[in-house]
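Peer 1: So that we are looking at the same thing, I have put the structure below in structure tokens.
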Amino acid sequence: MTEEIIIAGFGGQGVLSMGKILAYSGLMQGQEVSWLPSYGPEQRGGTANVTVILSDEHVSSPVLNAFDTAIILNQPSLERFESKVKPGGTLIFDGNGFHKFPTRTDINIYRIDAIEYAYANNQVKTMNMMILGGLLKVRPIVQVENVLKGLKKSLPERHHHLLSANEKAIHIGMDLIKKIEVS
Amino acid sequence: MKKENKENEVRLMKGNEAIAHAAIRCGCDGYFGYPITPQSEILETLMEVEPWHTTGMVVLQAESETASINMVYGAAGCGKKAMTSSSSPGVSLMQEGISYMAGAELPCVVVNVMRGGPGLGTIQPSQADYFQTVKGGGHGDYKVITLAPASVQEMADFVGKAFDLAFKYRTPTFILADGVIGQMMEKVVLPPFKPRWTEEEIIAVAPWATLGKPAHRKPNVINSLRLEAWEMEELNLVLQGRYREIEKNEVLFEEINCEDANYILVAFGISARICQKTSELARAEGLKVGLIRPITLYPFPTEQIKKRAEQVKGMLSVELSAGQMVEDVRLAVNGKIPVEFYGRMGGIVPTPDEVLQALKDKLISKN
């Protein structure tokens with residue numbers, strides 16, 4: 001199995017760390033992984049994205065033109081990446097601030113309003129974990145226990161007391177995500 | 001101080017971080033550098049690990065790239081394993097020092113994690129320093145051995161290898177990477193720990209090193225200046241002799257899907273990874289496309305490319321530049337078959353399908 005994922009949003013939304021946690025989770029379950037960030041001026045406030053590949057085989061190119069799954073957290077990223085989802089693939093978006101919505105009918109589209117929820121419940125720092133939870137609900141590519149193992153591995157020890165908050169956020173995300181039918 | 005983890009553990013890290021850990025583990029004596037994107041994690045990681053507490057390795061942020069390379073020069077003159085790293089504009093600043101080190105027959109490792117140029121350029125990935133590196137970026141007739149890693153694992157493996165080659169041939173050796181390989185994370189197993197050389201070991205490996213003059217020999221002098229022309233020619237002949245040895249002994253390359261190929265892509269670093277996927281996409285369409293990946297850019301795998309030119313209908317050199325390595329591919333092929341070029345510049349990285357389309361447009365459709 002190979003899962004080719006793009007995660008895109010604004011710098012500061014935790015896009016790169018979400019990708020990192022996914023990559024670590026893949027590592028924990030013995031998969032081949034690659035994590036390729038956009039490290040340009042984007043990370044200073046514009047759009048940021050990361051390509052993550054989890055595979056049972058050797059990963060050839062970390063640079064991709066099409067994705068099995070796209071996680072989209074802002075409008076410019078939707079415009080850039082909706083067309084890059086492979087037919088039959090998955091697009092997950094947080095609709096916060098969107099004025100145009102996904103239109104493709106040949107892919108599975110899910111909406112997760114994690115940004116709104118996180119702000120309303122004062123849980124902004126775990127917003128990206130809610131989105132990751134949403135992803136795992138509809139595409140269980142890694143097991144939650146491996147995500148937690150990966151988190152433990154990638155977080156410095158001084159942050160380990162936050163692990164349970166992150167686990168909760170994953171489950172919140174699993175409840176928040178819903179399928180969208182494009183007519 | 002951050003703990004160094006278990007041996008043989010599979011870790012996830014950036015190419016730049018792998019370089020730093022590998023440097024400590026291969027017994028490097030000193031790193032001198034100045035931060036620049038996209039390779040700042042090398043210096044940052046070294047500062048975080050603090051190897052001066054464990055192996056005694058010196059890590060120093062110099063005041064500039066010019067200072068860094070001259071600190072490397074000084075350390076190398078004492079037979080120490082010294083290295084620096086930078087990205088394109090910073091490496092341009094180092095060229096004088098590199099030429100001096102070539103002239104003074106000094107080993108060192110220079111890592112260039114290339115970004116888009118010319119000038120201050122962009123911080124995004126590029127491979128446009130191929131000419132600068134393999135054709136001699138500084139003045140005079142010299143060459144530097146150039147290793148081109150295409151994975152995080154190779155970033156880790158090539159540091160020790162680069163030092164071995166540098167000392168074997170008394171020459172600066174480059175690790176020529178690009179922003180993608182530096183910034184991406186992959187699985188990596190770090191090389192085992194090797195202690196730094198003792199003074200006795202240095203004298204055995206590098207009898208030319210300036211470590212104090214014993215009574216039985218003349219002083220060792222490290223210098224690239226020869227006022228007499230005949231002496232300068234003599235030095236040049238020594239260097240050229242070494243370059244011929246390097247060309248004979250040290251060529252490294254990888255071939256993927258070449259056995260039955262009708263077309264071959266030639267690419268190094270991140271471009272080679274992209275082209276590997278292009279080859280997979282092509283084969284899914286029934287097109288027999290292979291890949292030659294030069295691992296050493298100098299010495300270049302001229303003979304292998306020449307051999308494959310007997311078999312295939314055309315080659316496409318794929319680079320993040322306006323077309324540099326393609327000249328060496330053409331020299332190797334020597335007009336036998338068409339050699340075309342596809343590349344993107346300024347920090348743009350092409351996708352695998354883009355390369356496949358270029359291959360179709362430039363070669364396959366013309367046959």
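The values are calculated or read from the model by the stated rules, or taken from the named source; none is laboratory data. Here the structure is a predicted model, which means the values were calculated and not measured. We place every Cβ from the backbone using ideal geometry, glycine too, and count neighbours over all the protein chains shown.
Peer 1: Among the residues of region B:222-232, are any surrounded by 15 or more Cβ atoms within 10 Å (Cβ to Cβ) and within 14 Å of another protein chain (Cβ to nearest Cβ)?
Peer 2: no
Peer 1: Next up: Quick check on this structure: which one of A:Gly89, A:Gly150, A:Gly133 is part of a helix (DSSP H, G or I) and either surrounded by fewer than 21 Cβ atoms within 10 Å (Cβ to Cβ) or touching a Phe, Trp or Tyr at 6+ places or on another chain (Cβ under 8 Å) (or both)?
Peer 2: After ruling out the rest, the residue left standing is A:Gly150.
Peer 1: Related question: If you check B:Ala267 against the conditions, is it touching a Lys or Arg at 6+ places or on another chain (Cβ under 7 Å) and crowded, with 22+ Cβ neighbours inside 10 Å?
Peer 2: It is true that B:Ala267 is touching a Lys or Arg at 6+ places or on another chain (Cβ under 7 Å) and crowded, with 22+ Cβ neighbours inside 10 Å.
Peer 1: Additional query: In region A:73-101, what residues are of a type in the set (Gly, Ala, Ser) and over 17 Å from A:Thr51 (Cβ atoms)?
Peer 2: Initially, region A:73-101 is screened for residues of a type in the set (Gly, Ala, Ser), giving A:77, A:83, A:88-89, A:95, A:97.
A:Gly88, A:Gly95, A:Gly97 - these are the residues of region A:73-101 that are of a type in the set (Gly, Ala, Ser) and over 17 Å from A:Thr51 (Cβ atoms).
Peer 1: Hey, among the residues in region A:52-66 that are more than 10 Å from chain B (Cβ to nearest Cβ) and outside any loop (DSSP other than H, G, I, E, B), which one's nearest to the chain's Cα centre (by Cα)?
Peer 2: Only one residue tops the list, namely A:Leu54.
Peer 1: In region A:153-179, what count of residues is obtained for those that are surrounded by fewer than 15 Cβ atoms within 10 Å (Cβ to Cβ) and either assigned to a loop (DSSP other than H, G, I, E, B) or touching a residue at least 60 places away in the same chain (Cβ under 8 Å) (or both)?
Peer 2: Adding up the residues that qualify gives 4.
Peer 1: Right, something else. Pick from B:Leu239, B:Leu287, B:Leu281: which is within 14 Å of chain A (Cβ to nearest Cβ) and of a type outside the set (D, E, K, R)?
Peer 2: Exactly one residue qualifies, and that residue is B:Leu281.
Peer 1: Can you tell me how many residues in region B:278-315 are assigned to a loop (DSSP other than H, G, I, E, B), closer than 28 Å to B:Gly241 by Cα and not β-branched (Val, Ile, Thr)?
Peer 2: Selection size over region B:278-315: 3.
Peer 1: Now a separate question. Restricting the search to region B:330-347, which residues are at pLDDT 95 or above and in contact with a Gly (Cβ under 8 Å, 6 or more places away or on another chain)?
Peer 2: If the condition is that a residue be at pLDDT 95 or above and in contact with a Gly (Cβ under 8 Å, 6 or more places away or on another chain), then B:Ile337, B:Pro338, B:Val339, B:Glu340, B:Phe341, B:Gly343, B:Met345 are the ones that fit.
Peer 1: If you don't mind, another one. Return the only residue of B:Gln39, B:Gln61 being in contact (Cβ under 8 Å) with a residue 12 or more places away in the chain and either touching a Ser or Thr at 6+ places or on another chain (Cβ under 7 Å) or more than 26 Å from B:Met184 (Cα to Cα) (or both).
Peer 2: It is B:Gln39.
Peer 1: Filter region A:67-86 down to the residues that are of a type outside the set (S, T, N, Q) and in a helix (DSSP H, G or I), then identify the one that is surrounded by the fewest Cβ atoms within 10 Å (Cβ to Cβ). If you could, list the steps in order and put the result at the bottom.
Peer 2: Kept after step one, since they are of a type outside the set (S, T, N, Q), are these residues of region A:67-86: A:67-68, A:70-73, A:76, A:78-82, A:84-86.
Now drop any that are not in a helix (DSSP H, G or I), which leaves A:76, A:78-82, A:84.
Working: A:Pro76: 13, A:Leu78: 21, A:Glu79: 11, A:Arg80: 16, A:Phe81: 19, A:Glu82: 19, A:Lys84: 16.
The extreme case among them is A:Glu79.
Peer 1: Also, I was wondering about something else. Take the residues in region B:242-261 that are basic (Lys, Arg) and exposed (fewer than 15 other Cβ atoms within 10 Å of the Cβ), then tell me which one is nearest to the other protein chains (Cβ to nearest Cβ).
Peer 2: Top of the filtered list is B:Lys248.
Peer 1: Regarding region A:37-45, can at least one residue be identified that is in contact with a strand residue (DSSP E or B) (Cβ under 8 Å, 6 or more places away or on another chain) and crowded, with 21+ Cβ neighbours inside 10 Å?
Peer 2: Yes.
Peer 1: Scanning region B:262-277 for residues that are part of a loop (DSSP other than H, G, I, E, B) and farther than 21 Å from A:Glu57 by Cβ, which turns out farthest from the other protein chains (Cβ to nearest Cβ)?
Peer 2: Initially, region B:262-277 is screened for residues part of a loop (DSSP other than H, G, I, E, B), giving B:262, B:267-268.
Among the residues that remain, those that are also farther than 21 Å from A:Glu57 by Cβ are: B:262, B:268.
Values: B:Asn262: 20, B:Phe268: 14 Å.
Here the answer is B:Asn262.
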